[in-house]
Structure formats: C-alpha cells, structure tokens
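Below: the structure, in structure tokens.
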Amino acid sequence: MWARLIAIALLLSACSNEDEPRRPARLAEGTSAGDDSPREHRSVMRSTAEIRREGNHLADQPSPYLLQHAHNPVDWFPWGDEALEKARRENKPIFLSIGYSTCHWCHVMEEESFEDDEVARYLNEHFVSIKVDREQRPDIDALYIEAVRRLGGSTGWPLTVFLTPDGVPFYGGTYFPRHGGGRRPGFLDVLREVQRRFAEEENVAAQGRQIFEAIERSARPPSSGERAVSPAAIDAAFARLAGARDGELGGFGRRQKFPNAPLLLAELRYVERTENAAARSHLVLTLEEAMRGGIRDHLAGTFHRYAVDRRWHVPHFEKTLYDNAQLAQVYVEAGRLLGRADFVAVGRAILDDLIAQWQQEDGGFVVGFDADDPGGEGFYYTWTPAELEAVLGAEDARRFATLFGVTPGGERLLEGRSVLHRIPDAQAEARLGMSGAEIEAFVARTAPRLRPVRDRRAPPAIDDKELASWNGLAIIALANVGRWLEEPRYVQAAQRAARFVMERLFEDGVMLRGRRQGDSLGEGFLDDHALPLLGLLRLHAADGDSRWLGDAHRLGRAIIDRFHDAELATFHQSARQGELAGPPLRRPDLDDGVLPSGGNAAALALIELGAIAGDRTMHGLGERAARAAAPRAVESPFGSGFLLVVLDHLVGQSREAVVAGDPDDPRTRALWAEIRPTTPARVLPVRLPASGAPDSLVERFGALRGKVALDGAPTAYVCQIGSCELPTSDPAVLREQLDAVGIPRALRR
C-alpha cells in the first residue's frame with residue numbers, strides 16, 4: 001500500500017508555491033518519538049454530530065480561516081499548548097493542516113474531506129488535528145513547508161503534514177483528494193497508512209530530526225566569515241535567473257505564472273543600476289504581458305494571485321494585499337524609469353482600488369479576497385457575450401468582446417465564461433479598425449459601465465484580517481508613489497494606515513501580528529516590525545512629518561532587542577520570548593517568496609535607519625546580516641528577490657539627502673524637486689523645518705544635529721552615514737552631488 005502512495009505525483013492544481021514539485025513526501029525512517037505506552041484514546045470523544053453542532057476548538061479564534069473550520073466534524077485545535085500536550089499525553093500523531101482564507105484548494109479539501117463524517121471520525125480517533133492560518137502563524141508555516149520540501153514532498157497550500165507528538169514531521173504534501181482512483185489513493189487511505197506506520201514502526205521520526213538539524217545548520221554563517229557584496233555576485237544571480245526567463249511571454253518558468261514582485265523589483269533595480277539590455281527586455285515583456293492578461297482584473301485594476309497557465313490568462317481568482325501593494329510600486333517605478341505612462345497608469349489603478357475597496361475605517365488594509373464566490377470559482381469576474389450586450393449594446397459589446405477575448409465558448413475551465421484579457425495592440429487595431437488612441441478612449445468609455453453591473457453580483461468573501469506586515473507594504477507603495485507623482489491622496493492613505501499600525505498594533509514595544517474586527521491576532525513576527533519600519537521611512541520622505549522617524553526608531557530598537565541573533569549575524573522570525581506557543585525549531589526568516597522575508601526586510605530597514613540616524617552600530621547590524629545572507633542570492637536566486645534588492649542598495653552606496661527649510665518656500669521646493677523623484681536604492685530623503693530636527697529626535701538621530709537652514713536660506717545636505725558633502729542652497733550644486741550617486745536621468749525628470 002505505502003509503495004503506491006510514495007509513487008504518486010499529485011499534479012492537481014493547488015494553492016501552491018510557484019516552483020515546487022507536486023508530489024507527497026516519503027515517510028521518514030529512524031527512531032520513534034514518544035513513550036512506549038499503548039497508543040489508545042484516553043479521553044471521551046464527542047460524536048461528529050456534536051462537534052458540528054457545538055463547534056470544535058476553533059470556535060473562539062479571531063482568524064476567518066480558522067472560523068471557517070469551526071463547525072467541521074473534525075475536532076480541530078489551533079496550534080498551542082493544549083493540542084501539543086494532548087498529542088504527547090495520548091501518544092498520537094499530529095495531523096497539521098495549514099492554509100489561508102482565500103485559498104481555493106483549501107476550500108476543496110475542506111468540502112471533500114474535512115466535512116466528511118467518515119474522515120472526521122478516523123481523524124478524531126487516531127490523530128490530534130491542528131489547523132493553522134499561515135497568515136496568522138507564518139513561523140509554523142515556514143518551518144513545516146521547508147521540512148516537507150526537504151522530505152521530498154509537494155509544498156503549497158493546503159499544506160498537509162503528519163508529525164510525531166513532539167512536532168517532528170515524517171510525511172507531508174499539499175492537497176489530497178477524498179476518493180482515490182487508479183493509482184491515486186484517497187485521503188482516508190493516506191490517513192490509515194500513516195497511522196499504521198506511526199503505530200508499528202520504531203524509526204518513523206529519524207529523517208524528520210535530521211531535516212531539523214539540516215535546517216538549523218543552514219542558518220549558520222559561512223565558515224569563511226563575512227562575505228563581500230559585489231556587483232559580480234549580483235550579476236551571477238541574474239545570470240542564473242536568466243536561464244528561467246520566458247523570453248516569449250515574460251515571467252519565469254513555462255507553466256503557472258506568478259507575478260513575483262520582489263524578483264521584479266530586483267530586476268528593475270538591476271536595470272536601473274546597470275542598464276542591462278536583457279534584463280530590461282525581460283522586465284518590460286513581463287510587465288506588459290501581466291497587465292494585459294487575465295491575471296489582472298481589468299475593471300478594478302488589481303491583480304489576482306497567479307495564473308494557472310503560461311499566458312497569464314486564466315487566474316486562480318484570489319487577490320492579496322501583498323501582491324498588489326508591491327506591484328503598484330513596481331509598475332509606477334518602472335514606468336518612470338522607462339518612460340512608460342501605461343505602466344504608471346496600471347500602478348495608479350491598483351492603488352485606487354486598494355484605497356476604495358481594501359482600506360477600512362480604522363485606516364488598515366484587509367489581507368485579501370477569496371478565490372471562490374457564490375456563483376462558483378471566477379463567476380464574479382467573468383463574462384459572456386450576452387452579458388456584455390445587455391450592458392453595452394450590440395456594437396459596443398462586439399468591440400469590447402473582441403478587444404478583451406470574450407467568446408461564445410469561453411474558457412473550458414470556467415464553464416464557458418470568459419476571463420477579460422487584452423489582445424495584442426496590433427491585432428486589436430487590425431480587427432477593430434481603430435487607432436491605439438481610439439481604442440483607449442473606447443475602453444475608458446465602456447469599462448466603467450460594466451463595473452456597477454458586476455458589483456451587483458454576489459461577491460467573493462473578504463478576509464478582513466489587518467496584518468501589520470502587509471499594511472507595511474501598502475504604506476511603502478502609497479508613500480513612494482504619492483511622493484513620486486505628487487499625489488496627496490496616496491500620501492493621506494499611507495498616513496491613515498501608519499496611524500493604524502502604530503496606534504492600534506504597536507503596544508508596549510511589541511507589534512501585534514494584526515487585528516481582525518478589533519480583536520488581536522497575537523504577538524507579531526519579524527516582518528511585522530521590519531516592513532512597517534520601511535513604510536514609515538518612506539512616509540517621512542513623502543510628508544516630512546518627524547513623527548514617522550521617531551516611530552521607525554522605536555521599531556528598529558524592537559527588532560534588535562527581540563529578534564537579532566549576534567552569533568548568527570541574522571534575525572529570527574519569532575521573538576526570543578513570546579507569548580505564543582512556537583514551533584519546535586526557532587529559525588531565521590530569510591526566504592523571499594512572493595513577499596519579502598522578515599530577515600531581509602529587517603536588514604534593509606536597519607541599514608537605512610542607521611544611515612539616517614548616523615548610527616553605525618545599527619547600520620552595521622543590518623549590513624552584516626545582508627552580507628551573511630549574500631551567498632543565498634547566487635545559490636537560490638528565486639528565493640532571494642528582496643535580498644537582491646538589499647544587495648543592490650549596498651552596491652549602489654545609497655546616500656541620505658536632508659533638506660532643511662520652510663516647505664512653502666519656493667527655494668525649498670526647488671531643492672526638493674531634485675530629490676523627490678529618487679528611489680530609496682539611491683537616496684534616502686529626510687525633510688526638516690528650517691530650524692532643524694527637534695531635540696527629542698536628535699537624541700536618537702545624531703546625524704541630524706546641526707542640519708538647519710543656513711543664513712536664512714533652505715539648505716540641502718548629501719551624506720553617507722553622517723559624513724556629508726558641503727551643504728548647499730543651490731539646486732544645481734545639489735544636482736551635481738546627486739549625480740555622483742548614479743541616479744538615472746529618467747528618474748530625474
């Protein structure tokens with residue numbers, strides 16, 4: 001039986017990581033965990049009907065994902081001492097299921113297996129079942145997804161892992177179907193074989209322990225000591241990435257397409273610094289194909305999480321804040337660098353939708369929207385020719401259907417409904433007999449008429465958690481774009497989100513993971529401190545409010561005090577002493593996926609904060625962490641997108657640019673005009689009143705001492721970790737000083 005299980009590759013589309021194999025892990029071999037007592041059920045077990053009616057142990061949880069499972073007949077526990085102690089006391093294996101609210105295949109597995117009484121009875125009798133929201137407990141998710149990968153299993157969500165009572169994994173994968181067929185086992189078959197192995201074999205946990213040891217070893221700094229960061233290392237990383245570029249349709253790989261925003265930002269910064277033609281061509285192609293594809297919601301402007309095909313055409317329909325916040329910045333920054341107004345418009349549309357549909361009354365942004373809706377997966381977003389005609393009339397509907405690929409047959413995967421996607425410009429002009437300008441005017445006239453009709457459909461569910469880390473990404477994007485485009489409403493939205501994070505989530509020096517309908521989601525992790533810190537620095541550059549610098553410094557101290565590991569020269573994902581029941585292994589957070597890792601975000605945050613403050617110790621902590629992680633960028637560039645951004649920052653030798661002056665003075669605005677368009681990769685802007693920074697700020701930012709308007713004239717100071725060029729009130733001189741930093745002319749327009 002088990003030989004059949006381990007031979008099967010589960011190739012079903014799940015809520016997966018972008019480049020992981022889709023197969024179950026093989027069972028480990030080694031010594032057994034637990035005591036020698038008989039494996040018997042030692043507590044009164046409620047019936048599945050009682051659990052459905054009364055709820056399981058998830059009924060009082062704040063996570064929407066956990067609440068979705070609160071009345072499954074499975075006797076779910078959240079991760080915590082109660083469940084772990086029960087597994088040890090009763091010597092039962094742990095069934096760990098990790099997912100998130102907007103994941104399509106998580107819902108499928110729930111409907112097929114977790115709502116099934118036979119499956120539930122078996123789980124309740126033989127396992128301790130734990131359900132985890134990966135967005136609430138990224139530490140649990142990160143450890144076990146890495147462990148399953150090293151076991152040889154498929155990784156993604158839902159993540160399915162079987163553990164010994166002491167938390168050691170011995171088998172895992174992603175989605176398992178309820179009923180098998182042919183050589184594919186059903187989920188209940190898997191459960192029975194896993195339970196048999198655990199009960200009968202003495203060596204079930206050995207490989208899992210070896211994997212934990214390997215994960216610990218991988219976090220140690222290289223034996224050769226601190227590594228140099230050079231342009232050659234970044235070149236080597238992009239040389240490896242080049243082999244996976246899709247030169248025809250953009251993106252990486254030739255199967256599912258993920259808009260991996262950290263990698264795109266890294267590629268953009270690489271193009272900015274080197275003008276590499278191949279990287280530029282790939283970046284432009286990727287941004288063009290993604291913005292035209294069905295992965296983009298052409299009526300709202302935001303993007304779905306990924307496309308199931310190579311052409312960016314048919315998405316899994318969930319939307320996440322982290323994707324859209326990062327993509328907004330990438331599109332606007334690329335548009336400004338490359339002179340592409342259409343890219344800038346895409347970024348603006350994303351932010352407009354985030355503000356209108358995602359930002360809550362308290363200022364925080366929700367995490368995302370479900371893949372499924374009451375009409376079925378994708379019904380809310382898709383169209384038929386008849387539906388278009390009912391809204392637009394026959395002629396406009398014909399043109400719109402031609403332009404956006406709406407056909408009578410539709411998509412096979414979506415029961416004949418069509419995903420909106422723009423056909424290539426040349427084809428559109430030829431088929432419609434219209435110029436490019438006429439087509440854009442047509443879209444501007446017709447698309448807004450469809451949105452109210454779609455809004456009357458039953459919408460996808462919203463995951464209304466407000467996470468500190470993801471709100472940090474939103475603040476970064478809104479503040480940067482607001483500054484670059486001189487758009488006050490983006491800056492104002494960033495201010496609202498920053499007040500939410502610092503006033504509602506940061507308590508007594510500890511950042512919460514987030515809130516959901518006012519309820520705390522528990523203690524935060526490293527990324528919950530680092531990403532808001534970066535957002536606050538960007539927000540100060542946008543509005544000049546010194547409050548944000550003070551708040552950023554508080555977060556920087558919290559990162560050093562609670563997460564830094566001096567021996568490893570890195571940062572752990574979870575705090576040294578926290579209130580949460582942690583995973584059995586505390587580990588650094590260094591793997592960049594589709595959002596920055598906490599460790600790499602913390603490195604950049606301390607590098608920037610230390611530079612602005614003139615604090616070489618703080619700056620050095622961030623720089624040493626980046627240097628220790630640098631070999632990963634070459635060894636595993638796909639998991640190092642944001643690390644490459646950090647290394648580019650170091651190689652580019654970013655400067656701080658301080659302007660002291662009355663913001664309403666035209667002379668101050670003239671100096672600021674030289675700095676305003678720059679990116680954080682080259683210039684870290686600081687804005688001060690003519691009298692300089694207040695004493696309370698100077699105590700923490702020693703480099704700001706004495707930086708005032710000289711002789712009554714607004715004054716600019718270009719510095720590097722407190723060592724400054726001669727101050728100037730002349731925009732032309734300031735321009736020369738900034739030119740030495742290597743800012744592309746396109747970003748200085």
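The values are calculated or read from the model by the stated rules, or taken from the named source; none is laboratory data. This one's a predicted model, so the numbers in the text were calculated from it and none came from an experiment. Virtual Cβ from ideal backbone geometry, glycine too; neighbours counted across all protein chains shown. The accessibility values were calculated without ligands, DNA or RNA, using every heavy atom of the protein model including side chains. Shrake-Rupley method; radii C 1.70, N 1.55, O 1.52, S 1.80 Å.
Between Gly514, Gly509, which is open to solvent by less than 10 Å² (accessible area, probe 1.4 Å) and touching a residue at least 12 places away in the same chain (Cβ under 8 Å)?
Matching residue, one of Gly514, Gly509: Gly514.
Which count do you get for residues in the range 62-76 that are open to solvent by 10 Å² or more (accessible area, probe 1.4 Å) and either free of Cβ contacts under 8 Å to residues at least 12 places away in the same chain or within 20 Å of Leu163 (Cβ to Cβ) (or both)?
2
Condition check ((1) within 17 Å of the chain's Cα centre (by Cα); (2) buried (at least 21 other Cβ atoms within 10 Å of the Cβ)) across all residues:
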residue: Arg121; (1), (2): no, no
residue: Glu125; (1), (2): no, no
residue: Ile130; (1), (2): no, yes
residue: Pro138; (1), (2): yes, yes
residue: Ala147; (1), (2): no, yes
residue: Gly152; (1), (2): no, no
residue: Gly156; (1), (2): yes, yes
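From Val367, Val332, Val344, grab the single residue that is within 30 Å of Tyr270 (Cβ to Cβ), in contact with a Phe, Trp or Tyr (Cβ under 8 Å, 6 or more places away or on another chain) and either open to solvent by 10 Å² or more (accessible area, probe 1.4 Å) or polar (S, T, N, Q) (or both).
None of the others qualify; the one that does is Val344.
If you take the residues in the range 689-701 that are open to solvent by 10 Å² or more (accessible area, probe 1.4 Å) and in contact with a helix residue (DSSP H, G or I) (Cβ under 9 Å, 6 or more places away or on another chain), which one is farthest from Glu736 (Cα to Cα)?
Ser696
Looking at (1) of a type outside the set (A, V, I, L, M, F, W, C); (2) within 30 Å of Arg576 (Cβ to Cβ); (3) surrounded by 23 or more Cβ atoms within 10 Å (Cβ to Cβ), which is the only condition Arg483 fails?
Only one criterion in (1) of a type outside the set (A, V, I, L, M, F, W, C); (2) within 30 Å of Arg576 (Cβ to Cβ); (3) surrounded by 23 or more Cβ atoms within 10 Å (Cβ to Cβ) is unmet by Arg483, namely (2).
Within the set of pairs 6 or more residues apart or between chains, which connect a residue that is on the phi < 0 side of the Ramachandran plot and in contact (Cβ under 8 Å) with a residue 12 or more places away in the chain inside the range 258-280 to a residue that is assigned to a loop (DSSP other than H, G, I, E, B) and of a type in the set (Gly, Ala, Ser) with Cβ atoms less than 6 Å apart?
Arg269/Ala681
Among what's in the range 348-364 and is within 20 Å of the chain's Cα centre (by Cα) and charged (D, E, K, R), pick the residue that is least open to solvent (accessible area, probe 1.4 Å).
Applying the filter and picking the extreme gives Asp353.
Taking the range 518-534, which residues are open to solvent by less than 10 Å² (accessible area, probe 1.4 Å) and farther than 17 Å from Glu135 by Cβ?
Result: Leu533, Leu534.
Show the residue pairs that are 6+ apart or on different chains and have beta-carbon atoms under 6 Å apart, the first residue being within the range 460-484 and farther than 28 Å from Asp372 by Cα, the second being part of a helix (DSSP H, G or I) and open to solvent by 10 Å² or more (accessible area, probe 1.4 Å).
Ile476/Arg538; Ala479/Arg538; Ala479/Ala542; Asn480/Gln329; Asn480/Arg538; Gly482/Val491; Gly482/Ala542; Arg483/Ala542
Looking only at the range 553-580, filter to residues that are part of a helix (DSSP H, G or I) and of a type in the set (A, V, I, L, M); which one of those is farthest from Glu135 (Cα to Cα)?
Step by step, filter the range 553-580, then rank; the result is Ile560.
Can you tell which of Asp662, Asp648 is assigned to a loop (DSSP other than H, G, I, E, B) and either under 30 Å from Val344 (Cα atoms) or open to solvent by 20 Å² or more (accessible area, probe 1.4 Å) (or both)?
Exactly one of Asp662, Asp648 is assigned to a loop (DSSP other than H, G, I, E, B) and either under 30 Å from Val344 (Cα atoms) or open to solvent by 20 Å² or more (accessible area, probe 1.4 Å) (or both), namely Asp662.
Just give me the residues in the range 267-286 being buried (at least 19 other Cβ atoms within 10 Å of the Cβ) and touching a Phe, Trp or Tyr at 6+ places or on another chain (Cβ under 7 Å), in sequence order.
Tyr270, Ala279
Select from the range 665-678 the residues that are open to solvent by 10 Å² or more (accessible area, probe 1.4 Å) and not in a helix (DSSP H, G or I) and write down the one among them that is farthest from Tyr717 (Cα to Cα).
Asp665
With the structure loaded, tell me whether Thr382 is surrounded by 14 or more Cβ atoms within 10 Å (Cβ to Cβ), in contact with a Gly (Cβ under 8 Å, 6 or more places away or on another chain) and among the β-branched types (Val, Ile, Thr) or whether it fails that test.
yes
Going through the range 592-620 one residue at a time, which ones are buried (at least 22 other Cβ atoms within 10 Å of the Cβ) and either assigned to a loop (DSSP other than H, G, I, E, B) or more than 24 Å from the chain's Cα centre (by Cα) (or both)?
Asp592, Leu595, Pro596, Ser597, Gly610, Ala611, Ile612, Ala613, Met618
Condition test on Ile439, is it closer than 27 Å to Leu321 by Cα and surrounded by 15 or more Cβ atoms within 10 Å (Cβ to Cβ)?
No; evaluated as a whole, the condition is false for this residue.
Give Arg412, Arg445 a once-over and let me know the one that is modelled with pLDDT of 95 or more and open to solvent by 50 Å² or more (accessible area, probe 1.4 Å).
Arg445 is the lone residue from the list that is modelled with pLDDT of 95 or more and open to solvent by 50 Å² or more (accessible area, probe 1.4 Å).
What residue, among those in the range 725-741 that are closer than 15 Å to Leu684 by Cα and open to solvent by less than 60 Å² (accessible area, probe 1.4 Å), is modelled with the lowest pLDDT?
Once the filter is applied, the top-ranked residue is Val741.
Suppose we keep only residues that are among the basic types (Lys, Arg) and out of contact with any Ser or Thr (no Cβ under 8 Å at 6 or more places or on another chain) within the range 619-666. Which one would you say is farthest from Gly702 (Cα to Cα)?
The qualifying residue farthest from Gly702 (Cα to Cα) is Arg627.
Provide a single number: the residues in the range 420-436 that are modelled with pLDDT under 95, open to solvent by less than 20 Å² (accessible area, probe 1.4 Å) and under 34 Å from the mean Cα position of the chain (by Cα).
So the count comes out to 1.
Yes or no: Ala386 free of Cβ contacts under 8 Å to residues at least 24 places away in the same chain, out of contact with any Lys or Arg (no Cβ under 9 Å at 6 or more places or on another chain), in a helix (DSSP H, G or I) and farther than 28 Å from Val271 by Cα?
Criteria met by Ala386.
Of everything in the range 329-344, what is closer than 11 Å to Leu485 by Cβ and not charged (D, E, K, R)? Give them in sequence order.
Val332, Gly335, Val344, listed by residue number.
Taking the condition out of contact with any Cys (no Cβ under 7 Å at 6 or more places or on another chain) and modelled with pLDDT under 95, does Leu650 pass?
Against the criterion (out of contact with any Cys (no Cβ under 7 Å at 6 or more places or on another chain) and modelled with pLDDT under 95), Leu650 qualifies.
Looking at His564, His553, which is the one that is touching a Ser or Thr at 6+ places or on another chain (Cβ under 9 Å) and touching a residue at least 24 places away in the same chain (Cβ under 8 Å)?
Selected residue: His564, the only one of His564, His553 that is touching a Ser or Thr at 6+ places or on another chain (Cβ under 9 Å) and touching a residue at least 24 places away in the same chain (Cβ under 8 Å).
Does Arg632 satisfy the condition of being touching an Asp or Glu at 6+ places or on another chain (Cβ under 9 Å), part of a helix (DSSP H, G or I) and surrounded by fewer than 22 Cβ atoms within 10 Å (Cβ to Cβ)?
yes
Quick one: count up the residues across the range 78-119 that are open to solvent by 10 Å² or more (accessible area, probe 1.4 Å), farther than 18 Å from Phe198 by Cβ and of a type outside the set (Asp, Glu).
7
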